[in-house]
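Here's the structure we're looking at; comments come further down.
The values are calculated or read from the model by the stated rules, or taken from the named source; none is laboratory data. Everything numeric here is computed off the predicted structure, so don't read it as measured data. Here Cβ is always computed from backbone atoms with ideal geometry, including for glycine, and neighbour counts include all displayed protein chains.
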Amino acid sequence: MAAINRQVFINCPLDHDYYPLLEAVAFAVCVCGYTPRFPSERVESGLNRLSKIVGLIDECDFSLHDISRTELNSNQLPRFNMPFELGLALGRKYSISDGGAAGLLILDREPFRYHESFSDISGCDPLAHYDSPQIAMHRVWKWLVSHDDAHPVNRDRLVQGIPVKLQSWLEMFQADMLEVRGRFEGELDDLPLSGLVFSIRVWLEANTEALS
Amino acid sequence: MSGTGVATRKAEEDDRDIFVESIRLIPPLPYSPTRIPAEKLRNTIIQVVRERQAKVREASLNGSDQ
């Protein structure tokens, strides 16, 4: 079997309210040694949004789908994007003979909520994050570690220590970024997702360099 | 170094081991962090991390002296 490419397609809402969950998920993906990928990461006018999404799903061996935000908007219409992109990823998975993506994780706000509106995914074991960044982070961590035979240093130590460490690392990262933002005097107030991922990676590097 | 200082150092080294592995495994970013001054951001993050870690070490050493 070919080596996994350690890229994770992130299919989740991109609104302000969801940002704490998004930041936590992106952080966990990076700490696990993977790269989060988002449809908005590249400015490319030559491709429409759907082409970018399909291209990303194809490029990434892993995909993560949060279907917790499908509520009705002010026009009484649900948000179709996340379930639609999940459908694209599942379609790819089932249409490729070797099973397509190496790993696919579905997150929702509450357990079994999908039974009422999205029963086709019964059996796919969506996991609940209860709108908690900490729980979402742990779900992502356990998911990636469970797929990763090549994972870090001392797997037992990581798995046992992580519930506490992930949260404290994220808090450290957030505190450091608050300080960084302050030094940029407003320049970073609207940090794009590509900037968030870049910052997490640099922060991880900085923590290794500073201790060397 | 006192017990507190040793424990802090050990925890830092554990974290570093994990971060080193993470960085080694993460594939290169397939895109650039658009719209932000990347080099300036990188340098500032590294500076802030170093300052924080220096403070933590100093506090753990001071605490252990008491």
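Below, the figures for the structure above:
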{"item": "Filtered residue count, the stretch A:53-100, keeping only those that are touching a strand residue (DSSP E or B) at 6+ places or on another chain (Cβ under 8 Å) and among the aromatic types (Phe, Trp, Tyr)", "result": "1"}
{"item": "Cβ-Cβ under 6 Å pairs, at least 6 apart or on other chains, the stretch A:1-21 side under 20 Å from A:Gly87 (Cβ atoms) and touching a residue at least 60 places away in the same chain (Cβ under 8 Å), far side surrounded by 17 or more Cβ atoms within 10 Å (Cβ to Cβ) and of a type in the set (S, T, N, Q)", "result": "A:Phe9/A:Ser63"}
{"item": "Criterion violated by B:Arg35 - all others in (1) assigned to a helix (DSSP H, G or I); (2) at pLDDT below 85; (3) touching a Ser or Thr at 6+ places or on another chain (Cβ under 9 Å) satisfied", "result": "(1)"}
{"item": "Residue in the stretch A:99-117 that is among the polar types (S, T, N, Q), out of contact with any helix residue (DSSP H, G or I) (no Cβ under 6 Å at 6 or more places or on another chain), under 26 Å from A:Leu50 (Cα atoms) and in contact (Cβ under 8 Å) with a residue 40 or more places away in the chain present", "result": "yes"}
{"item": "Qualifying residue in the stretch A:90-103 (condition: within 20 Å of the chain's Cα centre (by Cα) and either over 20 Å from A:Ala3 (Cα atoms) or exposed (fewer than 15 other Cβ atoms within 10 Å of the Cβ) (or both))", "result": "yes"}
{"item": "Candidate set from the stretch B:42-59 (those that are of a type outside the set (Lys, Arg) and more than 7 Å from chain A (Cβ to nearest Cβ)); member that is surrounded by the most Cβ atoms within 10 Å (Cβ to Cβ)", "result": "B:Gln47"}
{"item": "Qualifying residue in the stretch A:24-36 (condition: more than 14 Å from chain B (Cβ to nearest Cβ), in a helix (DSSP H, G or I), modelled with pLDDT of 90 or more and surrounded by 14 or more Cβ atoms within 10 Å (Cβ to Cβ))", "result": "yes"}
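To keep it simple, each residue is scored yes or no on (1) assigned to a loop (DSSP other than H, G, I, E, B); (2) at pLDDT 70 or above; (3) closer than 19 Å to A:Ile200 by Cβ; (4) touching a Leu at 6+ places or on another chain (Cβ under 9 Å).
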{"residue": "A:Asp131", "(1), (2), (3), (4)": "yes, yes, no, yes"}
{"residue": "A:Asp149", "(1), (2), (3), (4)": "yes, no, no, no"}
{"residue": "A:Gln160", "(1), (2), (3), (4)": "no, no, no, no"}
{"residue": "A:Leu170", "(1), (2), (3), (4)": "no, yes, yes, no"}
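Residue-by-condition table, conditions (1) at pLDDT 90 or above; (2) not in a helix (DSSP H, G or I):
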residue	(1), (2)
A:Leu64	yes, yes
A:Asn75	no, yes
A:Gly87	yes, no
A:Tyr94	no, no
A:Ser97	no, yes
A:Phe112	no, yes
